Amino acid sequence: MAPPPASPLLLKPEYKKPYDERQKLVAEANARGEQLANQGAQCIPYGMPTMMSVAIYPVEFIQTPQQITIVTEAFSEVRRVYMNVPQKGFDDVAPGYYGRSVGHWDGDTLVVDTIGLKPSIAGYRSMPHSEKMRITERIRMVAPDYLHDQITIDDPVVLEKPVTYTLAYKRMPKYEMVEFVCDNNREYVDEKGVVRLQTHEK
């Protein structure tokens, strides 16, 4: 089932201008058939929330009473949702790629609160963010074998207002997750920030 459309991404003026400039460079590079450096090209984990929507790679949910573990096939990223425990304060969570996620059930919907994400990790649509970014997910089955993850990002430092978008997943009961390790050292970033492929040994 198709997800609903996303709300607009409204950045505060001091963040919007450099964001728009970067997006223009990305579009121009794509038009030339080039790829500007990003986390994936440099074997850096995508982190939250991008890890939940990397191309068409599957995502696995492993559920126990105390914890829900989410594993993505792309880059074998792992996040853990600790169930029915209080969230910590921003100052009590060391910033990382996946932050600290706590969850609880609201009827048939899994509600997940995530904080503690490093500002150096690109956010939704490569948006900038601060250490005060909070991600709220509402995850539920919307039909047999179809799951939606409604993601709301709130960052009072960077955003004019929270942005919400929804990811859709289809169950693949017979699929076996494939190992994905980023060990390809043939890609490098040149002096213009473009990803190149090394075709011979240096």
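The values are calculated or read from the model by the stated rules, or taken from the named source; none is laboratory data. Please read all numbers here as calculations on a predicted model, not as lab measurements. Glycine gets a Cβ as well: all are built from the backbone with ideal geometry, and neighbour counts include every protein chain shown. Only protein heavy atoms, including side chains, enter the accessible area calculation; ligands, DNA and RNA are left aside. Shrake-Rupley method; radii C 1.70, N 1.55, O 1.52, S 1.80 Å.
Laid out as a table, the results:
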quantity: Phi to ³J(HN,Hα) by Karplus 6.51 cos²θ - 1.76 cosθ + 1.60 over segment 127-134, Hz, x for Gly, Pro; calculated: 5, x, 7, 9, 6, 8, 5, 10
quantity: Positive-pole candidate from Val54, Val181, Ser76, dipole of the chain, charges at beta carbon; calculated: Val54
quantity: Computed helical MRE - 222 nm, the chain, DSSP H runs ≥ 4 contributing -39500 (n - 2.57), nearest 500; calculated: -3000 deg cm²/dmol
quantity: Val142 long-range amide H proximity, modeled H, under 5 Å; calculated: Leu147, His148
quantity: For the chain, share of DSSP beta bridges that run antiparallel, in % to the nearest 5; calculated: 90
quantity: Which listed pairs, of Lys17/Lys132; Lys17/Lys170; Lys118/Lys170; Lys118/Lys174; Lys118/Lys161, have C-alpha distances above 26 Å, in listed order; calculated: Lys17/Lys170; Lys118/Lys170; Lys118/Lys174
quantity: Options (1) -0.44, -0.52, -0.72; (2) -0.48, -0.58, -0.81; (3) -0.37, -0.45, -0.63 - which one matches log10 I(q)/I(0) by the Debye sum over Cα atoms at q = 0.10, 0.11, 0.13 Å⁻¹ as calculated here; calculated: (2)
quantity: Relative packing of 77-84, 129-136, 47-54, 21-28, which averages over residues the other C-beta atoms within 10 Å, highest first; calculated: 47-54, 129-136, 77-84, 21-28
quantity: Accessible surface of the chain [probe 1.4 Å, protein heavy atoms]: carbon and sulfur percent; calculated: 53
